[in-house]
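Colleague: My questions all concern the structure below.
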Amino acid sequence: MLKSKTFVKKTRSGGIMKIVREHYLRDDIWCGSEVCTECKQEESVLQKDACIESNLCSFPHYLLPDTNVVLSQIDILEDPLIKNVIILQTVLQEVRHRSAPIYKRLKDILHDKEKHVYTFTNEHHRETYIEREQGESANDRNDRAIRISTKWYSDHLNNKGLKVVLLTNDRGNKEKAEEAGLLTYRSDVNNEITSSKVLFSEHLPLSRIQSGIKSGTFQQGTFRASRDNYLEATVFVHGEGDDSTEVLIQGLQNLNRAVHQDLVAVEILPLNQWVAPSSVVLQDEGPKEDDVTEEEEAELKSGPSGVASRKPTGRVVGIIKRNWRPFCGMLFLSQIKEATRHLFTPADRRIPRIRIETRQAATLAGQRIMVAIDGWPKHSRYPNGHFVRSLGSAGDKETETEVLLLEHDVPHQDFSQAVLSFLPKMPWNITEEDMAVREDLRNLTVCSVDPPGCTDIDDALHCRDLPNGNQEVGVHIADVSHFIRPGNAMDLEAANRGTTVYLTGRRIDMVPELLSSNLCSLRSSVERLAFSCIWEINDKAEIVQTRFTKSVINSKASLTYAEAQMRIDDANMNDDTTKSLRGLNRLAKILKKRRIEKGALTLSSPEVRFHIDSETHDPIDLQTKELKETNSMVEEFMLLANISVAQKIYDEFSECALLRKHPAPPPSNYDILNKAAKSKDLVIHTDSAKALADSLDAAQVDGFPYFNTLLRILATRCMMQAVYFCSGMDSDFHHYGLASPIYTHFTSPIRRYSDIIVHRLLAVAIGADSTYPDLMDKHKQSALCNNLNYRHKMAQYAQRASVAFHTQLFFKSRGILNEEGFILFVRKNAIIVLIPKFGLEGTVFFENKDKPSPKLIFNEEISGVSVAPSEPEAKRAKLDR
C-alpha cells in the first residue's frame, strides 16, 4: 500500500522543484509476541509468560512507554527486572532526535535478547500509521500515533490472555488514552509510576479540620512515630486538666503521610476497630512496591489479644503543621545502572525513607548526608526530597558527632563576636565594690567534689561546728548571673542553648569557656564570686534556719569523688577539709534515709565511663560507673539547696517562680514493670511513690541478685519526664521521684540556664539585685520553660547517642566477647537485651521471622549510633541533681 505526498520547494537559484514523498505501508509486520498465531513471524521476541512483579498489574502484560517515559526513565528500562517492552518506531525516532546518549542506551537494550524488548514499526503498518491532521502539532500527532498503536496491540492480543500497558508522563495523553479504553499509567514529574490507585486518602483542608476539632469529630495532637515499628505511631492528644489521650495509629494508610513530630488531626475509630500495640519489631527494609506486604500487615496486627489490651485507635485525616527539617542519614543506592533516583535512609528510624534525585550517588555512597523533604504525594510510599549537603565519611568520629548534634538540634556553633563582647576584660579581679555588697566567706574550709576531669565546677560545700552544738552547712554556687546580665547577646545565646551538652570526649558549653572553665568555675586556691545557701542544722539533720547570701569564697580543695571518699575513709587524715567532708557525709546519710522514708525513689540506669587515648582520642577502656558515698553526699545537699531555694522564690514570687516538677506516671506506664515482677511471682504496688519504693526494696529473688536492679531499670523507664514550669501557669508542683512538694534547679548555673533565672529571682528576693520586666512575666517565663525542656531532653538524647557511638568504636576491633546479658523485653520476633558490664542495650532478632529459633542474630544497631532513645525510654526521668 502506498501513501504519497507532493509539495514544491524553491531552490537557491530561484527555480521550483516538485517533491513527491512516498510512504509504503504493509500488512505483514509482525507483532513480535509468542502468543500470536495470526502474524506469520519467523521468530518472536515478546514472551508468552510476561509477568513483572507489580502491585499495579498482577496479570501478564507488555509495557509500551511513550517518548518522554523513555527519555526520563531509561535507567528503569535498563533494569534486568523490566522485560517484554514494546518500543514503537515513533518513539525510537523521537528519542534519536532528542538525545543521542539515551538513543544509544535504548539501542543497547534492544540488542539485549534477555530483555525481550521489541521494536514495532508502527509508521509502516497499514493499521497503525496515521497522517498529521490540519492544525495538529507534531508532538500531538506522535502522541496520537502511540495511542493508535497501543489500541491495535490491545485488540490484536485481546483473546490471548495478555494486556498492553501504556506508560506516559503526560496527563492529557493519559486522559485521552483512558477515553479510548486503554490501560494506562502515568509517570509524574518525580519519575514515579502511578495510576488511579492511591495509597493514601487526601488530607482534609484546614477549614474542615478546624470545624471538625470544634465539633469533637477530630482531635489534634503531636504525631510520634515508633522506633520499633515503622507502621505504628501514637498521637498524644491534650485534653482539659489531666484528661489526655494517647491515640494509637496502625497501618500505612492510617498513618497517612504524617512524619514524626508533625501536628496532626486524627479521627478516633469506632470501638470495635481499636487494636493493641503490635508486639513485633518491624523495620522498613528498603525499596519495594508502593504498598505494604501482606506479611507485614499480618505481623502488625499480632499484638496482645483481649479487650483490655486494646488502646484508643485512630487515623490521620490531615496535617495541621509540618515539623520537617533537614535530616541526617545515608543514601541507599539504586540497583539500576546509572540511576538518578535513590532512597535516603535517615539516621533516626522514626523518619521515613526519602526519595531523592541526584547524579552524585557514586560520590555520596558511604557519606553521611543531609536531605530535606519537599512533599509526599498521595500515591507514593515515600516522601520526595532533595540533597542538602554532605557531612563527611560515615564512621568518622567528627562526622558522627556532627550528625548526632544536628539530629538532636544542639546549637554548637562558635560563640559570635557579639556574645564574646560581653565577656569581662582580662585580667579580671574581684573589686572593692564587689566585696562591699557580698559576704566574705574566704576563711571557710570550702571544697568541691566532682567527677574526674571536671573544669566547669558549679558547686562547693563546707561544714563546720557551731558553738551551740549544731553544725553550719553551706552550698556555694558559682554566681554566673553576675557576669551574664539580662537581655544582652550572651544572655540570649545562653537562653537559646539552654544547657551544656556533655558528649564523650567533648563538651558543648552553654556559656563561653572563659566563664565556664575559669571565672565562674569554683576552682581551688582562687577567689570566686558565689551565691551561697547556708543552713544551721542539728544532729538529726533538721534545719534550724536558712539564709541566702551573695558571697566571695576561696575553695581549699577541688576533689574527685574517689579522692573525697579516700579522705573520709582514711582514719589518719584529720585536716579541716577532711573533717568537713565527714560532717557532710554523716548528715547526708540521715537526709537520704529520711527522704527515702517519705517515698523518694532510688532507681537505676546502666551508665558507662570511657577511658580515652590521649593521642587518638579513641576509647581504650569501658566500664560501668561506680557510685560512692561521696556521690550521694553531694547529691543530698544539692537537693536540699534546690528545695530551699524553690520555697523561697515561690514565697516571694508566687506567679513567676521557675520551678521543676515530676508528674506521677499514669497506671498504664507500669505495665512492663508489673509484667516483669509477675514473672517471678512478685507484686509491685504503684499507688504512690512510697508504695513503689517499698515494693522495689522488697523485690528480691534468691539466686538472682541482679533482678532487683533490672526492676529498678524498668521502673526508671516507667517514669514521666521531669519538666520546668512557671508557678503562675500550673497548680501541680509535686516532684514524684523526689517525693518533694516543691523543687527547682539552683545548683548548676554554668551548665543550665534555668539556674541563672532562679539565681536572678533569688537575688531579687533577698534584695541583692533588681528585677526586670521579663522576669516577672509569667507568659514569657512559661515560653522559656518550653525551650528549656526541649533543650534538656535533646541534650540527654545526644549524650546517650555519643555513648552508643563510642561503644561501637570500643568494640570495633575486639571481636567476639562473652558477657552476661539479661532480657529486658520480649517481642514476637525479637528480644531486647541488656549487658550490664558495658551498659549496652540492643535488639536481638530471631534468625527466622516465621519460626522463632534458638539461633539469634545481633542487630547491627546494638552498638551503632542510636540517635534517639526507645519509646519507653522517652518517658524516663532520673532523680534531679
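Colleague: Between (i) 14, 45, 33, 8, 0; (ii) 13, 36, 31, 16, 4, 0; (iii) 12, 36, 28, 14, 7, 2, 0, which matches P(r) over Cα pairs in 20 Å bins from 0, in percent calculated for the structure shown?
Modeller: (iii)
Colleague: Projected onto the charge dipole of the chain (+1 at Lys/Arg Cβ, -1 at Asp/Glu Cβ, origin at the Cα centre), which of His260, Pro666, Ile477 gives the Cα projection farthest towards the positive end?
Modeller: His260
Colleague: Do the alpha carbons of any pairs in Lys107/Lys160; Lys540/Lys661; Lys48/Lys83 sit beyond 18 Å of each other, and which pairs?
Modeller: Distance filter (> 18 Å) returns Lys107/Lys160; Lys540/Lys661.
Colleague: Could you compute the net charge surrounding Asp681? Neighbours are other residues with a C-beta less than 15 Å from the C-beta of Asp681; K and R count +1, D and E count -1.
Modeller: Result for the neighbourhood of Asp681: +2.
Colleague: Order Arg381, Arg506, Arg21, most accessible first, counting only protein heavy atoms with a 1.4 angstrom probe.
Modeller: Final ranking, largest accessible area leading: Arg21, Arg506, Arg381.
Colleague: Something else now. Asp414: accessible area at probe 1.4 Å, nearest 10 Å²?
Modeller: Surface open to solvent at Asp414 totals about 140 Å².
Colleague: How many angstrom separate the Cα center of segment 651-675 from the Cα center of segment 827-848?
Modeller: 30 Å
Colleague: Just to be sure I understand the model, the point goes 7 Å from the Cα along the line to the Cβ. What's the resulting Ser390 to Thr602 distance in nm?
Modeller: It works out to 5.4 nm between the two label points.
Colleague: Further, regarding this structure: Mind ranking Met633, Met720 by accessible surface for me, highest first, 1.4 Å probe?
Modeller: Met720, Met633
Colleague: Considering only C-alpha atoms, what is the centroid distance from segment 547-569 to segment 496-533, in Å?
Modeller: Value for the Cα centre distance between the two parts: 16 Å.
Colleague: Continuing with this model, one more query. Okay, which of segment 109-128 sit inside 16 Å, backbone N to the point 7 Å along the Cα-Cβ direction of His23?
Modeller: 121-128
Colleague: Heavy atoms of the protein only, probe of 1.4 Å, neighbouring chains included. What is the accessible area of Thr445 in Å², nearest 10?
Modeller: 40 Å²
Colleague: Measure out, as a whole number of angstrom, how far apart the alpha-carbon centroids of segment 699-758 and segment 66-95 sit.
Modeller: Cα centroid of segment 699-758 versus Cα centroid of segment 66-95: 63 Å apart.
Colleague: With a 1.4 Å probe and every protein chain left in place, tell me how much accessible area Lys592 has, in Å² to the nearest 10.
Modeller: Looks like 70 Å² after rounding.
Colleague: Taking R0 as 25 Å, what's the FRET efficiency between Val198 and Phe59 from their Cβ-Cβ distance, rounded to 0.05?
Modeller: 0.80
Colleague: Using only the heavy atoms of the protein chains and a 1.4 Å probe, how would Val544, Val683 rank by accessible area, largest first?
Modeller: Putting Val544, Val683 in descending order of accessible area: Val683, Val544.
Colleague: Could you sort the peptides 694-703, 131-140 by per-residue average Cβ neighbour count (10 Å cutoff), highest mean leading?
Modeller: Going from most to least packed, we get 694-703, 131-140.
Colleague: Residues in segment 427-455, backbone N under 14 Å from the label point at Asn518 (7 Å along the Cα-to-beta-carbon vector): list them, ranges by number please.
Modeller: Backbone N within reach: 427-430.
Colleague: Related question: Using each residue's phi in segment 108-116, evaluate 6.51 cos²θ - 1.76 cosθ + 1.60 at θ = phi - 60° and report the 3J(HN,Hα) Karplus result to the nearest Hz, with x for Gly and Pro.
Modeller: 4, 5, 5, 7, 7, 5, 6, 7, 6
Colleague: Run the numbers on the chain and let me know its relative contact order in percent, using alpha-carbon pairs under 8 Å that are six or more apart.
Modeller: 8 percent
Colleague: Excluding Lys550 itself, what net charge comes from residues whose Cβ is under 13 Å from its Cβ, given Lys and Arg +1 and Asp and Glu -1?
Modeller: -2
Colleague: Hey, any idea what % of segment 44-186's accessible area is carbon plus sulfur with a 1.4 Å probe?
Modeller: The C+S portion of the solvent-accessible surface of segment 44-186 is 46 percent.
Colleague: Let me have the relative contact order for segment 9-101, percent, based on Cα pairs under 8 Å that are six or more residues apart.
Modeller: 18 percent
Colleague: Could you pull out every residue, at least 5 positions away or on a different chain, whose amide H is within less than 5 Å of the one on Gln261? Hs are placed 1.01 Å off N in the peptide plane, and Pro or chain starts have none.
Modeller: Here Phe223, Arg224, Ala225 satisfy the definition.
Colleague: Just the C-alpha atoms of segment 44-186: what Rg/Rh do they give, with Rh taken as the Kirkwood radius?
Modeller: Rg divided by Rh gives 0.93.
The values are calculated or read from the model by the stated rules, or taken from the named source; none is laboratory data. From a predicted model like this one, the values you see are computed outputs, not experimental measurements. When we count neighbours, we look across all protein chains shown, and the Cβ atoms used for this are built from the backbone with ideal geometry, even at glycine. In case anyone asks, the SASA skips ligands and DNA or RNA and just uses the protein heavy atoms, side chains included. Shrake-Rupley method; radii C 1.70, N 1.55, O 1.52, S 1.80 Å.
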